[in-house]
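S.K.: Questions regarding the structure given below will be posed in turn.
The numbers here are math on the coordinates, done by the rules we state, and not lab data. If you're wondering where the values come from, they're calculated on a predicted model, not measured in any experiment. Here the Cβ is made from the backbone with ideal geometry for all residues, glycine too, and neighbour counts use every protein chain on show.
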Amino acid sequence: MCQCTNDAEPKTKEGLELEKVFAQYVGKKGALIPVLQKAQAIYGYLPVEVLKEISRNLQIPVSKIYGVCTFYAQFHLKPRGRNIIRVCLGTACHVRGGAKIAEAISKAVGIKDGETTEDLRYTFESVACLGCCGLAPVMMVNDETHGRLTPDMVAGLLDQYK
Ligand code: FES
């Protein structure tokens, strides 16, 4: 087994992209949020190693970065599914059976609100309004809206997203 002490790992494609982000933002005021957004766009979420890398480059303690990530709902510290299911539990959807739609989603994909399937096929989240209350009850999968749903429509719709 190789006993050499050179621990510099070859950069991944993502690592190289992240370096470009640092080149653009290091030393600039207010860099943290845009760097986190770009890092998340590169990796799909914010792994702890990436938070440490950001900490080193921006000279901001990991604890502070972690605090920012947990404060803003846009940041994700765990891997996300290829398909993001958002069910609306806002007032209009609630009175038209949004909770039953949420139940049907949970049953169809086998996870609860806020979870991701092990095969990373789906992430399931509930939201307060999707901005199309006239179509209540509504769910979105990625950027596609499915309105006027009934619970028995849900499994078939979700199956189309691989
Ligand atoms: S309340 Fe559901 S889309 Fe607005």
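S.K.: In segment 125-162, what residues are in contact with a helix residue (DSSP H, G or I) (Cβ under 6 Å, 6 or more places away or on another chain) and away from the ligand (no atom under 15 Å from the Cβ)?
M.R.: PRO151, VAL154, ALA155, LEU158 - these are the residues of segment 125-162 that are in contact with a helix residue (DSSP H, G or I) (Cβ under 6 Å, 6 or more places away or on another chain) and away from the ligand (no atom under 15 Å from the Cβ).
S.K.: Being near the ligand (Cβ under 8 Å from one of its atoms) and aliphatic (A, V, I, L, M) is the filter; apply it to segment 78-93 and report the residue that is farthest from ALA128 (Cα to Cα).
M.R.: The residue in question is ALA92.
S.K.: Moving to a separate point now. Looking only at segment 26-57, filter to residues that are in contact (Cβ under 8 Å) with a residue 24 or more places away in the chain and more than 23 Å from the chain's Cα centre (by Cα); which one of those is surrounded by the fewest Cβ atoms within 10 Å (Cβ to Cβ)?
M.R.: VAL26
S.K.: So, one more: Could you list, ordered by first residue, the pairs with Cβ atoms under 6 Å in which the first is in segment 127-150 and over 14 Å from VAL95 (Cβ atoms) and of a type in the set (A, V, I, L, M) and the second is within 7 Å of the ligand (Cβ to nearest atom) and assigned to a strand (DSSP E or B), at least 6 apart or interchain?
M.R.: These pairs meet every condition: VAL127/CYS88; LEU130/CYS88.
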